[in-house]
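Please read the structure below before turning to the comments.
What follows draws every value from the coordinates through simple rules; no lab data is involved. Only a predicted model underlies this, so the values are computations on that prediction, with no experimental measurement involved. Cβ sites come from the backbone with ideal geometry, for glycine too, and all protein chains shown count toward neighbours.
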């Protein structure tokens, strides 16, 4: 259906179709034909909203001045010899950065010697308020050797403000208030926001550098803004390659024809699987450790964007699929039993890479093991080929059990292809929201819990 180029992310939905997993669980050609006008109509709305600058995530990669500033400021801080970068943020302020770190830096990056990190600092993403974790990070990252990037659009995120207050206190004691600007950077709403960010007074008080997130870009869609790009630049990631990946995927997603648009294809399949086939859960299962946190980022994107009580016309609809993160081959030994023989209420996204950066050969077996069938079949192969066989085995086993699978392939895992993948999933989510007829870009259900917590802390609970 979708014809990508050699270096493009590929999407294959044949294992979701009725002729693969049966009419009860798979999508029929007639169902796709029936939804095509809805996709085209939604596409027209989304394109108009993009032109009207209603939602800005589509065009973040085009902001030349922002990327120049991000690179410039990153270089300035790197020249100061910082050894650690600590992101203070939660949800959309953290998950994209974590996904990029895991995908684009070597495994166990923070444990590597500085030379093996090519001179770049370690990165710690503080996306929770567990006091033990935060205390341990503060002990591992002496303030005088650390750059903290506090990220909150509103500036009133209780978790992030709590982290910030602790960091400011430590910096005052470690380097002095006059030198805070060398160790603390703010990422928040623009200065002209209707509601001023509460981080602005902090930045003005200490003379801090401030990166701005456009008002029309929500946190979970902000990875290609300074939210994700500044930490990425500090770690020497290839920002230009990411921009090229976004541009390539943007071009492929410019058509309202779902057959040629990988994001719309995935959105239509997910929507039909949920509303027509009872697949109320969406499992993302990459077969590469580097992509495990992409699945975590996707969880927030899908859940917070589509999980809505009210439709756009005010009706109670209780929409949305529950996203689940999984990891191949690890979760073949913990989850696949349920996936195959438990309730048939899931659609799967299996992600693979055509080529790992390393090929690890399996040694020839010693004579004593050559006669053991359970070992003999491994001889002469590689860990890479075993991973590929495990992936195919899982997809085939799911097919036998009538479980629909979308197969996504990255030619390699690099800055360009990872950006393609993230951009595609963002556009997919925007289209899915339109198909569900919900507001993709708000999160009213999150606010009540925040308000209750504030009341308890204020002694009003």
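Given a Förster distance of 25 Å, report the FRET efficiency between residue 372 and residue 337 from their Cβ-Cβ distance, rounded to the nearest 0.05. Don't jump to the answer; show the numbers that get you there.
On the way: r = 26 Å, r/R0 = 1.03.
That pair, residue 372 with residue 337, gives E of 0.45.
For the stretch 310-448, what is the largest minus smallest coordinate of the Cα atoms on each principal axis, given in angstrom and ordered from greatest to least?
If we take the Cα atoms of the stretch 310-448, the spans are 71, 37, 28 Å.
How large is the Kirkwood hydrodynamic radius of the stretch 274-315, counting all unique pairs of alpha carbons, in Å?
Working: mean 1/r = 0.0811 Å⁻¹.
Computed over the stretch 274-315, the radius equals 12.3 Å.
For the residues 31, 41, what sequence is obtained by ranking on other C-beta atoms within 10 Å, fewest first?
Least crowded to most crowded, the residues run 41, 31.
What order, most packed first, do the peptides 388-401, 141-154, 87-100 have when packing is the mean number of other Cβ atoms within 10 Å of each residue?
Listed from highest to lowest mean packing, they are 87-100, 141-154, 388-401.
By how many nm would the segment from residue 145 to residue 317 lengthen if fully extended, with 0.36 nm per residue of separation less the alpha-carbon distance?
Values: separation 172, 0.36 × 172 = 61.92 nm, distance 5.08 nm.
Stretched fully, the residue 145-residue 317 segment lengthens by 56.8 nm.
Give, as ranges by residue number, the residues of the stretch 370-405 whose backbone N falls under 16 Å from the point 7 Å along Cα→Cβ of residue 361.
Flagged as within label range: 378-386.
Averaged over every viewing direction, what's the projected area of the C-alpha convex hull for the stretch 57-237? Give it in nm², one decimal, please.
On the way: hull surface 38.6 nm².
The orientation-averaged projected area of the Cα hull of the stretch 57-237 comes to 9.7 nm².
Give me the tail of P(r) for the chain as a percent: Cα-Cα pairs with distance above 36 Å.
When all Cα pairs of the chain are counted, 32 percent exceed 36 Å.
Distance in nm between label sites at residue 14 and residue 310, each 7 Å beyond Cα in the beta-carbon direction?
Simple spin-label model gives 4.5 nm for this pair.
How large is the Rg to Rh ratio of the stretch 122-186 when both quantities use alpha carbon positions and Rh follows Kirkwood?
We get a ratio of 0.93 for the stretch 122-186.
Equivalent-ellipsoid semi-axes (√(5λ), Cα gyration tensor) for the stretch 1-102, whole Å, largest first?
41, 21, 14
Based on the Cβ-Cβ distance from residue 439 to residue 390, what FRET efficiency comes out when R0 is 60 Å, to the nearest 0.05?
0.90
Just rank 299, 118, fewest to most, by other beta-carbon atoms within 10 angstrom.
Final ranking by Cβ density, sparse to dense: 118, 299.
Expressed as a whole number of Å, what is the distance separating the alpha-carbon centroids of the stretch 385-402 and the stretch 110-131?
If you average the Cα positions of each part, the centres end up 35 Å apart.
Roughly how far apart, in whole Å, are the Cα centres of the stretch 146-223 and the stretch 317-373?
For the stretch 146-223 versus the stretch 317-373, the Cα centre distance is 40 Å.
Between residue 400 and residue 458, what is the label-point separation in nm under the 7 Å Cα-to-beta-carbon projection?
5.9
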